[in-house]
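Q: Pasting a structure below so you can have a look.
The values are calculated or read from the model by the stated rules, or taken from the named source; none is laboratory data. Small disclaimer: the values here were computed from a predicted structure and weren't measured. Note that each Cβ is placed from the backbone with ideal geometry, even for glycine, and that neighbours are counted across all protein chains shown. Quick note on the areas: whole protein, heavy atoms, side chains included, nothing else; ligands and nucleic acids left out. Shrake-Rupley method; radii C 1.70, N 1.55, O 1.52, S 1.80 Å.
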Amino acid sequence: MSTEVNLDKLYENSIKILSDLIGFKTISGEDNNDLINYCEKYLNDLGATSFKTYDDEKKRVNLFATIKAKKSNGVKPIILSGHTDTVPVSKSWSTDPFKATIKEDKLYGRGSCDMKGFIACTLAFAPVFSKVDLNRDIHFSFTFDEETACLGAPILIKELKKRNIQDGICIVGEPTKMKIIDAHKGCYEYTTYFEGLAGHSSMPHKGVSAVEFASKYANKLIELREELKKRAPKDSIFDPPFSTLQVGGIFGGIAHNVIADKCRVEWETRPVIKEDGVFLNQKIDEYANEVLLPEMRKVFPNSKITKEIIGEVTGFDRIDNSEACELVSSLTGDNSREVVSFGTEAGLFQEIGISTVVCGPGSIEQAHKVDEFIELNELKKCLKFLEGIKKKSTLN
């Protein structure tokens, strides 16, 4: 069987697939079934097996599909991983954000670089994987709601553990211009709700101002931010080297002269190490439950402080001897490794024992922006990379 690859034809097909994918409005939190069904049919028509995992409403879905090895030589399977959701769009686009538009050497559209470009390349290359004698399984992992605290991937990972798919190499195709990213901080997002007692502003002692207690809580977070700076590891590879904390917003109250009975604080932390996340949560919970709440309940016994976990995205740790990084290096010829400030699903795969690397086409500089685009040459580089995977995954 000929194993020659026509990269020009694959490139044309990747453009067509990417155009189709951009046409699906898969904004985080919205239904992504149509896109997933498109991908599943495409892969199943090539002989892939697949399964889906869902959110509680079955509105959003993950897909995990496999092109099986002809004969395994004990070579670890490869997972090609991408998220299907995109961030919302504003009205200031110069083109239709849900219609792929090619201008000069760029393809514009929401999700073109983050990260439907990578998914399109993997699908374009799938017919090649299906026709050669593979020595390892090639998996395709497409998730929902990565952009909102990685809500979809943990559901998929739980199913992988059940099916004992925990040994392999995962390539998370976030836009890195095909550079190796081998670490990033975690990202934990929370909303803390305060419920006090409304009243007239002229009688403050008879009410419980949720806004005031939310403000004290926010100030405590800012104090703890300074503590996090002191905990920075000496050999930290990140910039800044310490775990960060940010209060994103305080929302509450209805009028100048009404004691606010409700308020919420939205905040996030990006821990360098998990222990910082544990430390921070322990300290702020103690402050809320042992200092603020008793004071609120002196006036109104039904006062409440409730912390909601929006998402806790696991950090991605640098591993000295990483099979995933070594594989990518051997294909790209680039031995450099970098860290990034944005979060990915990489740490979730790493956590269950899968060697993981972040490497994909496009630049993070274009992600989440008006007139998002991917350079066409980046798609070509990704297809060339997948050709290298094919060569390392074919029986001799």
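Q: What distance in nm separates the simple spin-label points at ASP334 and THR306, each placed 7 Å from Cα in the Cβ direction?
A: 4.6
Q: When DSSP beta bridges are limited to those with both residues in the chain, what percentage is antiparallel, rounded to the nearest 5?
A: 75
Q: Oh, and also: So, with +1 on the Cβ of K and R and -1 on the Cβ of D and E, and no other charges, what is the size of the charge dipole of region 213-358 about its Cα centre, to the nearest 20 debye? Numbers along the way, then the final one.
A: Values: 18 positive and 24 negative charges, 183 e Å.
My answer is approximately 880 debye.
Q: GNM, the chain, Cα, under 10 Å: largest mean-square fluctuation among PHE51, PHE385, PHE238?
A: PHE51
Q: Follow-up question, since we're still on this one. Using Cα pairs closer than 8 Å and at least 6 residues apart in sequence, work out the relative contact order for the chain, in percent. List each step's numbers first, then the result.
A: On the way: 878 pairs, mean separation 95.4, N = 396.
Contact order relative to length: 24 percent.
Q: Sticking with this one: Once each part is reduced to its C-alpha centroid, what is the distance from region 155-224 to region 313-379 in angstrom?
A: So the two Cα centres are separated by 23 Å.
Q: What percentage of the solvent-accessible surface of region 243-303, computed with a 1.4 Å probe over protein heavy atoms, is contributed by carbon and sulfur atoms?
A: On the way: 1730 of 3360 Å².
Percent of accessible area from carbon and sulfur atoms in region 243-303: 52.
Q: Protein chains only, probe 1.4 Å: how do TYR287, TYR193, TYR217 rank by accessible area, largest first? Mind dumping the intermediate values first?
A: Numbers: TYR287 45, TYR193 85, TYR217 0 Å².
So the residues, ranked largest to smallest area, are TYR193, TYR287, TYR217.
Q: Got a sec? What order do HIS184, HIS256 fall in by accessible area at 1.4 Å, biggest, i.e. largest, first?
A: HIS256, HIS184
Q: 7 Å from Cα along Cα→Cβ at both TYR193 and GLU295: what's the point-to-point distance in nm?
A: Reported label-point gap for TYR193 and GLU295 is 2.3 nm.
Q: If you take the alpha carbon radius of gyration of region 25-124 and divide it by 2.2 N^0.38 Å, what ratio comes out, to two decimals?
A: 1.26
Q: Okay, moving on. Of all DSSP beta bridges located in region 148-277, what percent are antiparallel, nearest 5? Walk me through the numbers on the way to the answer.
A: Working: 19 of 19 bridges.
So the antiparallel bridges in region 148-277 amount to around 100 percent.
Q: Separate question: Would you tell me the accessible area of GLU57, worked out with a 1.4 angstrom probe on the heavy atoms of the protein chains, in Å² to the nearest 10?
A: Rounded to the nearest 10, the figure is 130 Å².
Q: Angle check, please: helix 7-23 long axis (alpha carbons) against the longest principal axis of the chain (alpha carbons), in degrees 0 to 90, nearest 10.
A: Tilt of helix 7-23: around 30 degrees.
Q: Could you list, by residue number, the cysteines of the chain that have no other cysteine's beta carbon within less than 4.7 Å of their beta carbon?
A: Taking the Cβ cut-off of 4.7 Å, the unpaired cysteines of the chain are CYS39, CYS113, CYS150, CYS170, CYS187, CYS263, CYS325, CYS359.
Q: Counting residues in the chain as N, plug N into 2.2 N^0.38 Å and put the Cα Rg over that result.
A: Values: Rg = 23.8 Å, N = 396, 2.2 N^0.38 = 21.4 Å.
With N residues counted in the chain, Rg over 2.2 N^0.38 Å equals 1.12.
Q: When the solvent-accessible surface of protein heavy atoms is calculated with a 1.4 angstrom probe, in what order do THR49, THR148 fall, highest first? Provide the component values of the computation, followed by the final result.
A: Details: THR49 80, THR148 55 Å².
Reading off the accessible areas and sorting them downward yields THR49, THR148.
Q: Additional query: How much solvent-accessible surface does ILE169 expose, in Å² to the nearest 10, with a 1.4 Å probe and all protein chains in place?
A: Ignoring ligands and nucleic acids, ILE169 comes out at about 10 Å².
Q: Taking only protein heavy atoms and a 1.4 Å probe, what accessible area per residue, in Å², does the chain have with all protein chains in place? Mind dumping the intermediate values first?
A: Working: 18220 Å² over 396 residues.
So the chain comes to 46 Å² accessible per residue, rounded to a whole number.
Q: So what does ASP285 come to for accessible area, using a 1.4 Å probe and Å² rounded to 10?
A: ASP285 exposes around 50 Å² with every protein chain in place.
Q: Once amide H atoms are built 1.01 Å from N in the peptide plane, which residues 5 or more positions from ILE273, or in another chain, come under 5 Å H to H?
A: none
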